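Below you'll find the structure, written out as structure tokens, and then a few comments.
The values are calculated or read from the model by the stated rules, or taken from the named source; none is laboratory data. Small disclaimer: the values here were computed from a predicted structure and weren't measured. Note: ideal-geometry Cβ built from the backbone for every residue, glycine included; neighbour counts use all protein chains shown. Ligands, DNA and RNA are stripped out before the accessible areas are found, and what is left, the full protein with its side chains, is counted by its heavy atoms. Shrake-Rupley method; radii C 1.70, N 1.55, O 1.52, S 1.80 Å.
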Amino acid sequence: MTEPGASSGPTAQRIILGTHLRRLREAAGISRTQAAWEIRGSESKISRLELGRVSFKVRDVDDLLTFYKLDDEAERERLLTMARQANDPGWWQRYDDVTPDWFHDYLGLEMAADLIRTFELQFVPGLLQTPEYARASIQLGRQDMPLPADEVDRLVALRMSRQEVLTRQRPARLWAVLDEAVLSRPIGSPAILRAQLEFLIEASRRHNVTLQIIPFRNGGYTATGGAFTLLRFNDSDLPDIVYVEHLTSAVYLDKRDELDTYVVTMDAVSITAAQPRETEALLRRAIERLDDDLL
């Protein structure tokens, strides 16, 4: 089974292959309706294939390449190989039974990302959580119906596995902006939060991690809609994607105008936040406040 960081992952492969199929179809002057007829499908199926939203049948891809008159045998074989790889299970699929369907694509895209920019107002981002903080945040809000212990263990393991994107051979870059409230909210307990803040100090020293805090003294800021994440990829066939998680679902935004709005917002909160060189001092002050409260 593929481990984190071993490849771009099936989610990214689907999007890249879908982009190639769309370009070939358009270059051949073929409509989605005509392409759908060729593979005994619907126009919506072609649309989903080209967006990388569904798995690929190698036979369908082969038929489409023939219909689009792709004569380059090396290119055909490359695309067919990509279709096979796009159907390989990602490492995270072992956790499918404990994670919602709408989160699966995010895991694949996160693994393929070159730059991850995230804004948080309530929690430490999952990529920077300690196991204890992760466990406490997973259990939060489930007092009426607690998760089984083994399920919690697997969700914590998943979150820790995700962090390998920052330590693999070619690590992703993480740029996280946190509201200062995150540093004061004792998820689990003050002791768990204190250990988490110490971990953030260590993480902020990594060459591929930029951590900024928006101090209370800086007042309000533009990101009134809540937390969100921007993913950017090295491959030009993968568009930038905004991920916004809701209580029971998530949205993935890749339209240019939507992306631009979120990029401008992320830039604005980064400007509002204290400079990265101030992060360690802000974290140490938060630890001192915690220690005072514990006395």
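Data for the structure
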{"read-out": "Surface share of carbon and sulfur [accessible, 1.4 angstrom probe, percent] for the stretch 58-101", "value": "48"}
{"read-out": "Rounded if a/c under 1.5, otherwise prolate or oblate - the stretch 164-264, Cα gyration tensor axes", "value": "oblate"}
{"read-out": "Accessible-area composition of the stretch 197-258, carbon plus sulfur, in percent [1.4 Å probe]", "value": "50"}
{"read-out": "Residue of Gln212, Gln85, Gln34 that the Gaussian network model of the chain assigns the largest fluctuation, springs spanning Cα pairs under 10 Å", "value": "Gln34"}
{"read-out": "Between helix 149-162 and the chain: long-axis angle, C-alpha atoms, 0 to 90°, nearest 10", "value": "70"}
{"read-out": "Gyration tensor verdict on the stretch 139-223 (Cα atoms; rounded if a/c is under 1.5, prolate if a/b is larger than b/c, oblate otherwise)", "value": "oblate"}
{"read-out": "Solvent exposure of the chain as accessible area per residue, Å², 1.4 Å probe", "value": "51"}
{"read-out": "At 1.306 mPa s and 10 °C, Stokes D of the chain from Kirkwood alpha-carbon radius, µm² per second", "value": "76"}
{"read-out": "Separation of alpha-carbon centers, the stretch 48-116 and the stretch 134-196, rounded to whole Å", "value": "29"}
{"read-out": "Residue among Gln169, Leu121, Met82 farthest towards the positive dipole end of the chain, charges placed on Cβ", "value": "Met82"}
{"read-out": "Carbon and sulfur %, accessible surface of the stretch 116-184 computed with the full protein complex present, 1.4 Å", "value": "50"}
{"read-out": "Angle between the chain longest axis and helix 73-86 axis [Cα atoms, degrees, rounded to 10]", "value": "40"}
{"read-out": "Hz values of 3J(HN,Hα) by residue in the stretch 24-30 - Karplus curve (6.51, -1.76, 1.60), Gly and Pro given as x", "value": "5, 5, 5, 5, 7, x, 9"}
{"read-out": "Cα long-axis angle, helix 256-272 against the chain (0 to 90 degrees, to the nearest 10)", "value": "20"}
{"read-out": "Equivalent ellipsoid dimensions for the stretch 16-125 as semi-axes, Å, which come from the Cα gyration tensor, largest first", "value": "31, 15, 14"}
{"read-out": "Global form of the stretch 167-216, assessed from the alpha-carbon gyration tensor, a/c cut-off 1.5", "value": "oblate"}
{"read-out": "Cleavage-rule hits, trypsin sites (Lys or Arg not before Pro), the stretch 146-238, DSSP coil, Cβ neighbours within 10 Å at most 15", "value": "Arg168, Arg205, Arg206"}
{"read-out": "Positive dipole terminus of the stretch 200-295, leading residue within Leu231, Val269, Ile213 (C-beta point charges)", "value": "Ile213"}
{"read-out": "Residues with amide H under 5 Å from that of Thr210, placed H, sequence gap 5 or more", "value": "Leu174, Trp175, Ala176"}
{"read-out": "Reachable lysines from Lys57, criterion Cα separation under 26 angstrom, eight or more residues apart if same chain", "value": "Lys45, Lys69"}
